[in-house]
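Rule-based calculations on the coordinates, nothing more; no lab input. Only a predicted model underlies this, so the values are computations on that prediction, with no experimental measurement involved. Virtual Cβ from ideal backbone geometry, glycine too; neighbours counted across all protein chains shown.
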Amino acid sequence: MEQQVTAVAHANVALVKYFGKRDVRLNLPAAPSLSLTLKPLQTTTKLMFSNDKADVVIANGVAADEKFAGRICSFLHLFRQQSGNSQFLTVHTENNFPTAAGLASSAAGFAALTVGAARLFGLSLSESELSAWARRGSGSASRSVCGGIVHWQRGGSADGSDSFARSILPAGEWDLRILVGVTTRAPKEIGSTSAMEHTRTTSPYYRAWIDSATAAVDEAIEAVSKKDFERLGEVTEHSALSMHASLMAAQPPIVFLKGATIDVFHLTRTLRKEGIQAYFTCDAGPQPKILCQGKDANAVEARLRACSGVVDVIHCSLGEGAGLQTPE
Ligand code: 2P0
């Protein structure tokens, strides 16, 4: 039996967002979503069986805080239950991008952890099953298991067995780019999980947001099938703004957008007026992201870098799904 494995997974950005659950314990979404798996944003996770009496979690070189470590231990416990192997693990996980700042670090993290833990505990799982397992760790992690353009279906069953993601277009088949404008490296003030529940329970716009999501995903899927970039971009902007409108209408309101984030939204509209096809999105954090095609990416990147309040730009393209790192 293997004693250690290393798994890697990319982050993802949703073009049609997941923001609301129909089951909090199982991370079952209230609506479907659609995302791009992004290289080079990557989590590398090494898992080793240990003789300790608890799991040990080291994140980016330091002991993980109690909350994060607890979340990982509860997740690993699902694998212990399923496999009948009660051994604890030492987990080293590293991101090559800012953690907890609205760049979907939990998605890449739990996707890598799932693929690694499934192998270590000897569970033979299909990609759909891996995705459903990853979802239990963090909803958006279900999407990072798959590569390219990814559809996470809502599913209808109470046990979540039909709520998993699958790739609808492999990474190499459409040269889409995401330019992440880093406006701060500070951790965000409120995590996605609590922001989502707060919005669900207090925002009068929540219901309308969820009710519009299925049609948005259907439209995005059709746009992908026709490689209709303009239509995909329009759905993307509308989904991001609708999600933030729902957050801002919560009581008390949640405002993730900073001044620099909004400046980038306006920059994107200016680019379109100049004839460059670019569309913005933004997750539960202050980092604006611009969606464009490979042919325009360098021009868009230069304009984004010149935007005041943007301290760095990460240039991403479509990446592969999660996998094991082969030993050297
Ligand atoms: C998304 N986000 O679709 C949306 C848009 C943030 C804004 O998925 O509670 O960390 O672990 O299921 O997956 C972030 O939410 O939440 C997220 P949990 P998760 O990318």
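Numbers for the structure displayed
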item	result
Amide H contacts of Phe164 (H built 1.01 Å from N, under 5 Å, at least 5 apart or other chain)	Gln153
Distance from the range 132-177 to the range 201-236 (C-alpha centre basis), Å	16
Kirkwood Rh (inverse of mean 1/r, distinct Cα pairs), the range 1-109, angstrom	15.4
Peptides ranked, highest mean first, by Cβ atoms within 10 Å: ranges 129-135, 116-122, 11-17, 202-208	11-17, 129-135, 116-122, 202-208
Footprinting exposure proxy for His92, His315, His244, His266 (fewest neighbouring C-beta atoms within 10 Å first)	His266, His315, His92, His244
4 °C / 1.567 mPa s Stokes-Einstein diffusion coefficient of the chain, Kirkwood radius on C-alpha pairs, µm²/s	65
Theoretical gain in end-to-end length, Arg272 to Lys295 [0.36 nm per residue, Cα-Cα removed]	6.8 nm
Fewest-first sequence of Val115, Val91 by Cβ atoms within 10 Å of each Cβ	Val91, Val115
P(r) tail fraction, the range 1-49 - alpha-carbon pairs more than 12 Å apart, %	72
D_trans [Stokes-Einstein, Kirkwood Rh over alpha-carbon pairs] for the range 176-318, 4 °C, 1.567 mPa s, µm² s⁻¹	82
Rounded to whole Hz, the Karplus (6.51, -1.76, 1.60) HN-Hα couplings of the range 258-272, x for glycine and proline	9, x, 5, 5, 5, 4, 5, 4, 5, 4, 4, 5, 4, 4, 5
Peptides ranked, highest mean first, by Cβ atoms within 10 Å: ranges 288-294, 47-53	288-294, 47-53
Inverse of mean 1/r across different Cα pairs in the range 240-328, Kirkwood, Å	14.8
Least to most buried among Glu197, Glu274, Glu219 (fewest other Cβ within 10 Å first)	Glu274, Glu197, Glu219
Value of [θ]222 nm, deg cm²/dmol, for the chain, DSSP H segments ≥ 4, -39500 (n - 2.57) each, nearest 500	-12500 deg cm²/dmol
Average silhouette area of the range 81-207, convex hull of alpha-carbon atoms, in square nanometres	10.6
Degrees separating the helix 66-83 axis from the principal Cα axis of the chain, which is the longest one	60
